[in-house]
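Have a look at the structure below, then the notes.
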Amino acid sequence: MNDTKKKDELLDDDIPALDDRRVSVPLTPENARFYRSEGGLISLELTAEDGEREIFERVAVYRAFPVTSPDEFLSVREVSIIKNEHGQEIGMVRRLSDFDEPTQRLFLEELDRRYFTPEITKINSVKEKFGYSYWDCETTAGHIVFVLNNPFSNIRTLIDGKVFINDIDGNCFTVPDPSKLDASGYKKIEIYL
Amino acid sequence: MKLMYELSDADRTALESASGGEKLMYCVPYNIEGDRFVKGFLAITDRKLYKLLNGELLLSLPIAESDDFRVEVMYGSCGFYVRTGGVSRLVCRFISGRNLARYSVIIRACEILAEQHGTDPITNDLPERFCPKCGRPYVNNTTICPYCMDRMEVYRKMFAMTKGLRLMMCFPFIVAIFSVVFSFLVPWIEGQAVNEYLEPLSGTERGSMAGFILIVCAIVSIDLFQRALGVIQSRCSAVSGNRFIMMMKNILYEKLESLSLSSLQRRSTGDLMGRVNNDTAVMQDFVTNQLPNIFVQSVSFLVAMVVMLVINPVMCLFIFVPIPFSIFLIKKFWSTMDLKNRRGWNLENKVNRQLQDIFSGIRVVKSFGQEKREIERFRQSSLRSARQTEKNEMLFDTFFPIVTFAIRLGSYLILLYGNILLFDGEMQLGTLHQINAYANIVYSPLIWMTSVPRHISRFLTSASKVFEILEETPEVGDISLPIDIRIHGEINIKNVTFGYESYNPVLTNVSVRIHPGEMIGIVGHSGSGKTTLINLIMRLYDVNTGSIEIDGVNIKDISQEALRSQMGVVLQETFLFAGSIRDNIAYACPSATDEMIIEAAKTANAHDFIMDLPQGYDTVVGVSGYSLSGGERQRIAIARAIIHNPRILILDEATAALDTETEKLIQDALKKLIRNRTTLAIAHRLSTLRNADRLLVLDHGKVAEFGTHTELLERKGIYYKLVMAQQKMGAIPGGGEPEKAAAKTSSATA
Ligand SMILES: Nc1ncnc2c1ncn2[C@@H]1O[C@H](COP(=O)(O)OP(=O)(O)OP(=O)(O)O)[C@@H](O)[C@H]1O
Ligand SMILES: [Mg+2]
C-alpha cells in the first residue's frame, strides 16, 4: 500500500466500481422495446449501443411533469432492490407519441395507475366541522367522501384554471374546469380558488 | 390495526371454494380497481393470497413461490406488488392514509409466511387512522374525528380550563342582568315622565315640579350607576381576559415543547403559531366578550317581548310580522358575505405569502435579476385581492342598509298603529314612546344575533384546534419513574429499526456497541441515515423496534432531562437564537462565567472573529441580528457544546463549513475535548475523522461496516472506496495519511 504505483493501479480499478450507477440513455423505438409482462406490467428489452441486450422484467414509469406535460419526458426506472425507494433511471422517453399505438396504450395504463387522479364531476356538499372541510362528491371513479385539512392550502389552482385537491387520506382529485360544474357546485368550490 | 376484516357472504363463498381447507390468516381491504373506487378484499391464507371483489376471485398467488412483497407509494394511491416465480404483479391498490400502515404489516406477514408455513397470525398495536363511527379519517395523527365530535364536549373542556378565573368571569353576567333591568326601567320612567308631566302641559292640570325633578334625578342616577358598573365590568374582563389568554398560551406552549419532534414537524411553523396566537385570542374573545353579550342580548330580547306582550299584544304582533322575513334576509346576507369574505381573505393571504416568499428569497431574486417579473407577479395577485375586497365592501355597503331597513319595518308599523291609537285617545304618548323604545330593544340584537352562529363556530374551531394539541400524548415521553443516571458513556444499540413514517424504515436492524470514551466516526452516503441514528441516540424520536441502551439502561427509562443534559451536540444545521453571542454560547449552561465562555470560544477557534465584531461577545446575532457566516456560526455552536461539557458529544458535520486550516485547528481542540468522553462524529470529509477510534459505515440504513480504520481498509469495502475516491480528488493530501491515522487509531484503542 505504501507503494504509490500500486495504489494508482488500485484506484483506477476501483473508482468506477464506487460509482455503479447506470447511465441514463434516451429511449427510442430503436433501442427500447416495451411489452406487457406476464404480470400485466411493463417489461423492457433494451439494446445498448454495442448491441448488447438487457431485459427488465418490470420497469416503473414516472412523469417528469405530471401536471404540465403528462405525455412527455417519461422516466423509465428499474425497480429498486431497496424497498420504498426509487430505482435507478434506465432512460427517458422524450415523447410518448414516438412509440407505436400498443406501447402508448401500455404506458398510459401504467401511468393512469401511478397517477390516480379522479375528476370531480359533481359536488354534493361541502361541510365545515371544527375547521376541517368535509366533501361529498361524485367523481369519474365513483362516489367519494373526503376530508381536507385546510381547503385554502389543499386546493391548488393552476394558471390554466385546472384545480387539484389533495385530501388527508392521500387521495388526489382534479377539477379540469370548475366553471363547468353545476351552479351550486361551482359556488361551493369558488371560495377556495 | 385490524388485519382480519369480515368478508361479505358472496366473497366468503368465493374464497372458500377457491381456498378449500387453507387457514385464513389475514383479510384486509383494498380500495381501487381499474379506474374505480371499490370495496375489495385481499385474503391471505397460510398458503396463498386471494384477491376478491364483489364475490369474484380476481387473482390468487402462492405465497411460498413469491419473494418480493412491496408497497409503492404512488400519486393518489398506493400499490401492493408481489413477485411470484419471477413475475411481478400489481396485486391491488389502496388509499394510503388509512391502509399504508396496515399493508406494511401485511408485507411483514407475507415475508414470514413465505419462509415458513402455518405460523400464527402476527399482531400489531398500530392505531387505526380513521373513525370507527363514521369511517372518516382522523386528523393530524390524533384520534380525533371532528365530524363526530360533540360540541358539548368542547364547551365542557373549555369550562374546565377556566378554573380560577370563574368568579371574575361571572361578573360580566351579573352586570348584564343589571343592564337589562335598567334598559327596561329607563323607557318606563321616561314614559311616566311624558304621561304624567309633559303631556299634561298641553292640558289643564299641571304635575308637580318636585315629582318631575325626582324622575330626572332617577334617570341621571341610573345612568351614572350603569356607567360605573360598565367601568368595573370592563376592568374585570380586561383582567380575566388577559389572564385567560396568558394561561392558555402558557399551557399550549408548555405542551408543544413536550411534544416530540415528529409531531411538531408534521405541522408547519405557521400552523403552530396560529394555534398559540390566533386560536387562543379567538377563545378569549368568545369567553370574555361574546358570551356575556349573547347572554345580554337574548335576555333583553326575551324580556322585551314579554313586556310588550303585556302592554299591548297587538303591537307585539306587529313586531313579529316582519321578523321571519328579516331573519331569512339576514341569514342569507351573512352567508353570502361570509363566503365572499373568506374568498377575499384567502386572496389576501396569498398576497402575504408571496411577499414573505419574495423577502426571504430576495437574494435569489436580485442575483438572477428577476425583480421586474416579481413585481409583475405581485401586482397581479394584489390586483385580484383588491378587486375581491372592493366587491365585498360594495356588496356590504349596499345591502346592509337594506337589511337594517327591512328589520325595522315593524317599528314603522308600530308607529303607524300607535298614532292611530293616540289620535283615538286609546293610548298615551308616553306609552307609545315606551313601546317604541322596547321595539328597538327587540330589533337591535336581531342583526347581531344572526351572526352568533358564526362566532360560535369560529370559537369551536379554534378551541378544538387548541384541544387537539393539548390532548396529543407525547410520543416520546418519560416513563412514570424515570431514572436519573450519571452517564458513563457506553452506548449499546440493539437491533434498531426506525422510520420517520413507520412504513418507510430509514434504519433497519442496526446493532452497534460503543465503548465509553470511544470516538466513533460515522460515514455513509447522503441520506443513508447518519443524522437519523444520532436523533435516536439523543431520543428526539423513539425507535420502532429494538432498543438503545446507555450504560446498560434503556434510554426510554432515563429521564429526558438527565439524558439531554449530559449530551452535547453540534448539528448539521446550526441554529443561533436571537440574542447575544454570549447568550448563545451559554445556552445550555446559563451559569457559565465569562472566563468559561471565552475559554470555550478560544477552544472552538471562535474568539478571534468574535473580537473583531463591533460589540464583541455582546453582539446580537440571530434572525434580526448580525449576520455570521456559516463557518462562524458553526464555531459558535461548537463552543456551545464545549461549555456544556457533556458525557456524550455528538458532532453532525460540525466542521463541514470550515476551511481546511480552521478545521485543523478545531480538530486539535476537539482532540482535547473528546478525551474521556464518548464522541459520535459524522463527516463527509474523511480527514475530519482521523482521530476516530472506530468507524461506522452506514449504507441505506444498514450497518455496512464497523471497525478501525485499518480493519476497514483491509476489508476493501465501501469505506476503502470512499478513502480512495477522496484521495484521488485530493481531499486527503499525501499518500501516507491513512496509515498515519491508522497508527493513531491503534494507539488510541490500545
Ligand atoms: N424529519 C424527517 N421526516 C421524514 N423523513 C426524514 C426526516 N429526516 C430525514 N428523513 C429521511 O431519512 C433519510 C435519512 O436521512 P438522514 O438525515 O439521516 O441522512 P444523513 O445520512 O444524515 O444524510 P446527510 O449526509 O445528507 O446529512 C433520508 O431519506 C431523509 O429523506
Ligand atoms: Mg445528516
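The values are calculated or read from the model by the stated rules, or taken from the named source; none is laboratory data. This is a predicted model, so every value here is computed, not measured. Backbone-built Cβ (ideal geometry, glycine too); neighbour counts: all protein chains shown. Ligands, DNA and RNA are excluded from the accessible area calculation, which covers all protein heavy atoms including side chains. Shrake-Rupley method; radii C 1.70, N 1.55, O 1.52, S 1.80 Å.
Annotations
- Percent of beta bridges antiparallel (DSSP, the range B:630-738, rounded to nearest 5): 50 percent
- Accessible area (Å², per residue) of the range B:9-115, counting only protein heavy atoms and a probe of 1.4 Å: 37 Å²
- Accessible surface of the range B:603-677, 1.4 Å probe, proportion on carbon and sulfur as whole %: 46 percent
- Gap separating the Cα centres of the range B:295-316 and the range B:555-599, nearest whole Å: 67 Å
- Distance from the alpha carbon centroid of the range A:142-193 to that of the range B:53-130 works out to 31 angstrom.
- Semi-axes of the equivalent ellipsoid for chain A, computed as √(5λ) from the eigenvalues of its C-alpha gyration tensor and ordered from largest down, come to 45, 22, 14 Å.
- Solvent exposure of chain A, expressed per residue, is 52 Å² of accessible area, with all protein chains present and a 1.4 angstrom probe.
- Converting the Cα gyration tensor eigenvalues of the range B:151-470 into ellipsoid dimensions via √(5λ) gives semi-axes, longest first, of 50, 27, 17 Å.
- Of the solvent-accessible surface of the range B:151-470, computed with a 1.4 Å probe and all protein chains present, 65% belongs to carbon and sulfur.
- Note: the range A:120-190, Cα convex hull, 81 Å³ per residue.
- Mean Cβ count within 10 Å, highest first, over the residues of peptides B:40-49, B:127-136: B:40-49, B:127-136
- Summarised in one figure, the compactness ratio Rg/Rh of the protein assembly as shown, Cα atoms and Kirkwood Rh, is 1.06.
- ³J(HN,Hα), Karplus 6.51/-1.76/1.60, whole Hz, each residue of the range B:383-389, x for Gly, Pro: 5, 4, 5, 5, 4, 4, 4
- For chain B, the longest principal axis of the C-alpha atoms and the axis of helix B:166-193 are separated by about 20°.
- Efficiency of FRET from Cβ geometry, B:S457 and A:D160, R₀ 30 Å, rounded to 0.05: 0.30
- Sorted peptide list for A:175-184, B:356-365, B:97-106, B:291-300, criterion being average Cβ within 10 angstrom, highest first: B:97-106, B:291-300, A:175-184, B:356-365
- 10 Å Cβ neighbours from other chains, averaged over peptide B:30-36: 4
- Other protein chain Cβ atoms within 10 Å, averaged over every residue that makes up B:70-82: 6
- Ranked by the mean number of other Cβ atoms within 10 Å of their residues, highest first, the peptides B:608-618, B:703-713, B:342-352 come out as B:703-713, B:342-352, B:608-618.
- Considering all different alpha carbon pairs of chain B, the Kirkwood hydrodynamic radius works out to 33.4 Å.
- The relative contact order of chain B comes to 9 percent, based on Cα pairs under 8 Å that sit 6 or more residues apart.
- Share antiparallel - DSSP beta bridges, chain B, percent rounded to 5: 70 percent
- Farthest toward positive dipole pole in chain B [+1 Lys/Arg, -1 Asp/Glu at C-beta], among B:I311, B:S208, B:G97: B:G97
- Protein accessible surface hidden between B and A, which excludes ligands and nucleic acids, total in Å², probe 1.4 Å: 5500 Å²
- The apolar share of the surface of the range A:120-190, taken as the fraction of accessible area on carbon and sulfur atoms (1.4 Å probe, ligands and nucleic acids excluded), comes to 51 percent.
- With Cα atoms, 0 to 90° folded angle of helix B:594-603 axis to chain B main axis: 50 degrees
- Cα-only Debye scattering, the range B:9-115: base-10 log of I(q)/I(0) at q = 0.11, 0.18, 0.19, 0.20 Å⁻¹: -0.30, -0.84, -0.94, -1.04
- Heavy-atom accessible area per residue - the range B:131-255, 1.4 Å, Å²: 60 Å²
- Measuring nothing but how far apart in sequence close Cα pairs (under 8 Å, 6+ apart) lie, relative to its length, chain A scores a relative contact order of 13 percent.
- Pairs over the 18 Å Cα-Cα cut-off, from the set A:K122/A:K162; B:K556/B:K702; A:K187/B:K465; A:K127/A:K188: B:K556/B:K702; A:K187/B:K465.
- Helix B:96-115 vs. chain B, principal-axis angle (Cα, 0 to 90°, nearest 10): 30 degrees
- Within 10 Å of the Cβ of each residue in A:166-176, the mean number of Cβ atoms contributed by other protein chains is 5.
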